[in-house]
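Here the structure is laid out as structure tokens; the discussion comes afterwards.
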Amino acid sequence: MARRRISPAWGFLAPALAVIAVFFFLPVAAALLLSFTDFDVYGIAHLDRVRLIGFGNYARLLHEPRFWIALWNTAYFVVLAGPLSVATSLGAALLLEAKLVRWKPLFRTVFFLPVVTTLVAVAVVWRYLYHPRLGLLNHALGLVGVGPIDWLGDPRWAMPALVLLAVWKNFGFNMVVFIAGLQSIPERLYEAARLDGAGRWATLRHVTLPMLAPTFLFVAVITMIGYFQLFAEPYVMTQGGPGNATLSVVLLMYEEGFRWWNVGHGAAIAFVLFAIILVGTLVQLRFRRAEAAP
Amino acid sequence: MTRRRAALAVLVALVACRRDPGESATVEFWAMGREGEAVTALLPEFERRHPGVRVRVQQIPWSAAHEKLLTAHVGGALPDVFQAGNTWLPELVAVDALERLDDRPISRDDYFPGILDTNVIDGATWGVPWYVDTRLLFYRTDALPAPPRTWADWEAAMVRVKERAGADGYAILLPLREWQMPVILALQRGANLLRDDDCRGDFEARPFRDAFGFYLGLFRRGLAPRAGDTSVTNVYQDFSRGWFTIYPSGPWNLGEFARRVPATVPWSTAPLPAPDGGYPGVSLAGGASLAVARRSPRKASAWALVEYLSEPAVQAEFYRLTGDLPARRSAWRASALASDGRAQAFWLQLQYTRSTPKIPEWERVASKVTQYAEAAIREDVTVDEALAGLDHDVDAVLEKRRWLVERGR
């Protein structure tokens, strides 16, 4: 009789798995359960005041104008800030890897600085930059004859203002990833391109960018996931205002869950956001795979 | 053998530590922000008068306080005594966190009636006012020689100020993201805000509609800037420069204005105007209370601390330390506060305050007021649409409350 032996690997894995189960899967499962209840501040003291409402929270979301506004705002932010952010990082990486540039470590550090500074501190400075009457940005625009813009107070401009801030704050991280990608491209490919008489543009299109494809995928997915979770920028800069113009899905979830203690409803928003990000990531992966296949 | 004996000794010592009688008489006290810091100066006297009782103060930042109190209650970690904003009390009552104070001796006549009332929920008293807060007018006396007494006076005065200020100045600053001003105006008109046992919104009713119209008119006529809080980075500078003349605000700005507005800028305070006669008009009953946790095992000592902090002399000293206005009227007299020029207006205003609906959902309802007021100010919606939307949203917020009331809980 062959005795089934448990692989000793499990023994080594068990502590880590236990930690993940207790601190990750259990809370996620609890949150999923919560999203089917109307657990709120009344439920804290008396569990009999909690109703099991099935998909009620999800159904309510469909009829909640602020949810759709938040979804639209978040999509707007991702679509605007995502490509802009990736393009800026790539541009900065290409510039820093150019042969003519000196003091590369200095520039790399300077460009990376915004990533490691706290947003709350940065926000104070940016609020002054964006100030409609006293701000540096409007002063500069005034010099070229553009009228003052109420950056954070005008619903049309508030989101672009946050996009600008987010791109500035985050491009350094992706830039470093791109630099690593660029450095891993073998020099011989560039030599071959030069021998074939390729110009700078042709080299970029046919050597650099194709070789960067895996890096691109990584950067695009990470950036998208990060930007879908837009929270800190509107939280510290505008609190979702003016007039819901910068209300994001995560900010709405935070308000529901932690400001108003509608924990059940907040959990439902979290799972909707999870589903959206999952779908977005899968689409991107599929897209790249289809591209890489032929 | 010796090792085992040593281990036993350690164990005994540990148990003995836990049983230390001094430990059980330590009263845990949570206070917020600056109050948490200042109150420590008052405690040695309390400990001297109550030998064997020690007080341990934990200072909680205001921004995290509300959430922390709720989570602490859920986790069974509430302190014996704590400070709470008086608008949080209904929620803390709903989660059974508070000890009833009905049988405790409270000098009820010595408190401002409107403020004391915020601590009474469903007929029971749950907190003792510690310090008080309300809103009234801060204004420049050079641009506005006499404070207005009626809405009509007020409006006429603001029109005159605006005419003199021109396109770059305003009569009044009303931050768009604050619910207080439209709600105060509505309370002055006698609005109930909610109806059916606080289970539905009552914002389409006449009183609120009138007040809302008056409030919107201030923006439509250019008397108030359509300024979000992002375009006002420094109220004191803007006030000193004359960008606006009137600013409805609270007692914390008495100290701030005195410190940050240059001496060359003459300013004063005045109670709020009333819709017609009956000056002054009512304002909000704000402030913070002291409450005792229901699960506290040291309620006697906890109550002794509340009583001590409520003594007029201690209140007067607390005012000196923090600038927070005392909740007890005798403390005002004791500290000569009632005769201080700029505080005088608060003294008068505090006799005329009304509480907002005492339900856990109030802050959420208030955020809806902000949302629709802001939309109406930006003219994204008409007044009718705003009020209908407000009632609709508030009804949705109060759905759970209706269910509970119907079931008689």
Report task. For the stretch B:231-267, name all the residues that are without any contact (Cβ under 8 Å) to a residue 40 or more places away in the chain, buried (at least 18 other Cβ atoms within 10 Å of the Cβ) and out of contact with any Pro (no Cβ under 7 Å at 6 or more places or on another chain). Result -> B:VAL261
Query raised in the report: Does B:ASP198 count as under 16 Å from B:ALA388 (Cα atoms) and surrounded by 15 or more Cβ atoms within 10 Å (Cβ to Cβ)?
Result: no
Query raised in the report: Restricting the search to the stretch A:75-103, which residues are more than 24 Å from A:ALA213 (Cβ to Cβ), surrounded by 13 or more Cβ atoms within 10 Å (Cβ to Cβ) and not small (Gly, Ala, Ser)?
Result: A:TYR76, A:PHE77
Requested in this report: May I ask you to verify whether A:ARG127 is of a type in the set (Lys, Arg), crowded, with 16+ Cβ neighbours inside 10 Å and within 13 Å of chain B (Cβ to nearest Cβ)?
Outcome: yes
Query raised in the report: Do we have any residue at all in the stretch B:281-297 that's at pLDDT 95 or above, of a type in the set (S, T, N, Q) and crowded, with 17+ Cβ neighbours inside 10 Å?
Result: yes
Query - B:VAL405 vs. criteria in contact (Cβ under 8 Å) with a residue 24 or more places away in the chain, surrounded by fewer than 19 Cβ atoms within 10 Å (Cβ to Cβ) and under 30 Å from A:ASN262 (Cα atoms) - result: yes
Requested in this report: Looking only at the stretch A:155-178, count how many residues are small (Gly, Ala, Ser), within 27 Å of B:ARG378 (Cα to Cα) and more than 14 Å from chain B (Cβ to nearest Cβ).
Outcome: 1
Query raised in the report: Looking at B:VAL120, is it buried (at least 22 other Cβ atoms within 10 Å of the Cβ) and either among the β-branched types (Val, Ile, Thr) or modelled with pLDDT of 95 or more (or both)?
Result: no
**Report entry** So A:ARG200, is it within 14 Å of chain B (Cβ to nearest Cβ) and either of a type in the set (D, E, K, R) or over 30 Å from B:TRP243 (Cα atoms) (or both)
**Finding:** no
**Report entry** Residues within the stretch A:19-45 that are more than 14 Å from chain B (Cβ to nearest Cβ) and not in a helix (DSSP H, G or I), tallied
**Finding:** 2
**Report entry** Filtered residues of the stretch B:44-66 (kept if within 15 Å of B:GLN83 (Cα to Cα) and not small (Gly, Ala, Ser))
**Finding:** B:VAL55, B:ARG56, B:VAL57, B:GLN58, B:GLN59, B:ILE60, B:PRO61, B:TRP62, B:HIS66
Query raised in the report: Any idea how many residues of the stretch A:176-186 are part of a helix (DSSP H, G or I) and either modelled with pLDDT under 90 or among the polar types (S, T, N, Q) (or both)?
Result: 1
Query raised in the report: If you check B:TYR319, B:TYR308, which single one turns out to be at pLDDT 95 or above and within 29 Å of B:PRO105 (Cα to Cα)?
Result: B:TYR308
Report summary line: Quick count over the stretch B:47-63, residues being more than 16 Å from B:PHE29 (Cα to Cα) and either buried (at least 20 other Cβ atoms within 10 Å of the Cβ) or aliphatic (A, V, I, L, M) (or both), is 0
Query raised in the report: Are any residues in the stretch A:50-60 surrounded by fewer than 19 Cβ atoms within 10 Å (Cβ to Cβ) and of a type outside the set (Val, Ile, Thr), and if so, which ones?
Result: A:ARG51, A:LEU52, A:GLY54, A:PHE55, A:GLY56, A:TYR58, A:ALA59, A:ARG60
Requested in this report: Could you check, for the stretch A:136-154, whether at least one of its residues is within 14 Å of another protein chain (Cβ to nearest Cβ) and under 30 Å from A:PHE218 (Cβ atoms)?
Outcome: no
Requested in this report: Determine which member of the set B:GLY76, B:GLY127 is within 14 Å of chain A (Cβ to nearest Cβ), closer than 24 Å to B:ARG298 by Cβ and in contact (Cβ under 8 Å) with a residue 12 or more places away in the chain.
Outcome: B:GLY76
Requested in this report: Could you give me the residue pairs with C-beta distances under 6 Å whose first residue belongs to the stretch A:165-181 and is farther than 11 Å from A:GLY91 by Cα, whose second residue is of a type in the set (Gly, Ala, Ser) wherever it lies, and which are 6+ apart or on separate chains?
Outcome: A:ALA166/A:ALA81; A:VAL167/A:ALA81; A:VAL167/A:SER85; A:ASN170/A:SER85
Report task. Could you tell me whether any residue of the stretch A:47-70 is out of contact with any strand residue (DSSP E or B) (no Cβ under 7 Å at 6 or more places or on another chain), of a type in the set (Asp, Glu), within 19 Å of A:HIS265 (Cα to Cα) and part of a helix (DSSP H, G or I)? Result -> yes
Report task. Provide a single number: the residues in the stretch A:233-257 that are crowded, with 23+ Cβ neighbours inside 10 Å, facing another protein chain (nearest Cβ under 9 Å) and part of a helix (DSSP H, G or I). Result -> 1
Query raised in the report: Identify, please: which residue in the stretch B:162-183 is in contact with a Gly (Cβ under 8 Å, 6 or more places away or on another chain) and assigned to a helix (DSSP H, G or I) and is, among those, surrounded by the fewest Cβ atoms within 10 Å (Cβ to Cβ)?
Result: B:ALA165
Requested in this report: For the stretch A:159-169, state whether one or more residues are touching a helix residue (DSSP H, G or I) at 6+ places or on another chain (Cβ under 8 Å) and over 30 Å from B:VAL235 (Cβ atoms).
Outcome: yes
Query raised in the report: Can you pull out the strands (runs of 3 or more DSSP E) entirely within the stretch B:199-296 that have at least 1 residues that are assigned by TED's automatic domain parsing to the domain that holds B:ASP142 and farther than 30 Å from B:ILE121 by Cα?
Result: B:246-249, B:267-270
Query raised in the report: Mind checking whether some residue in the stretch B:306-320 is aliphatic (A, V, I, L, M) and farther than 22 Å from B:TYR131 by Cβ?
Result: no
Requested in this report: Could you list all residues from the stretch A:223-277 that are within 16 Å of the chain's Cα centre (by Cα) and among the aromatic types (Phe, Trp, Tyr)?
Outcome: A:TYR227, A:PHE228, A:PHE231, A:TYR235, A:PHE274
Report summary line: Within the stretch A:258-294, residues part of a helix (DSSP H, G or I), within 14 Å of another protein chain (Cβ to nearest Cβ) and surrounded by fewer than 20 Cβ atoms within 10 Å (Cβ to Cβ) come out as A:PHE258, A:ARG259
Report summary line: Scanning the stretch B:379-409 residue by residue, those hydrophobic (A, V, I, L, M, F, W, C) and in contact with a Lys or Arg (Cβ under 7 Å, 6 or more places away or on another chain) turn out to be B:LEU387, B:LEU390, B:VAL394, B:VAL397, B:LEU398, B:LEU404
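The values are calculated or read from the model by the stated rules, or taken from the named source; none is laboratory data. It should be emphasised that the depicted structure is a prediction, and the values quoted were computed from it without experimental measurement. When we count neighbours, we look across all protein chains shown, and the Cβ atoms used for this are built from the backbone with ideal geometry, even at glycine.
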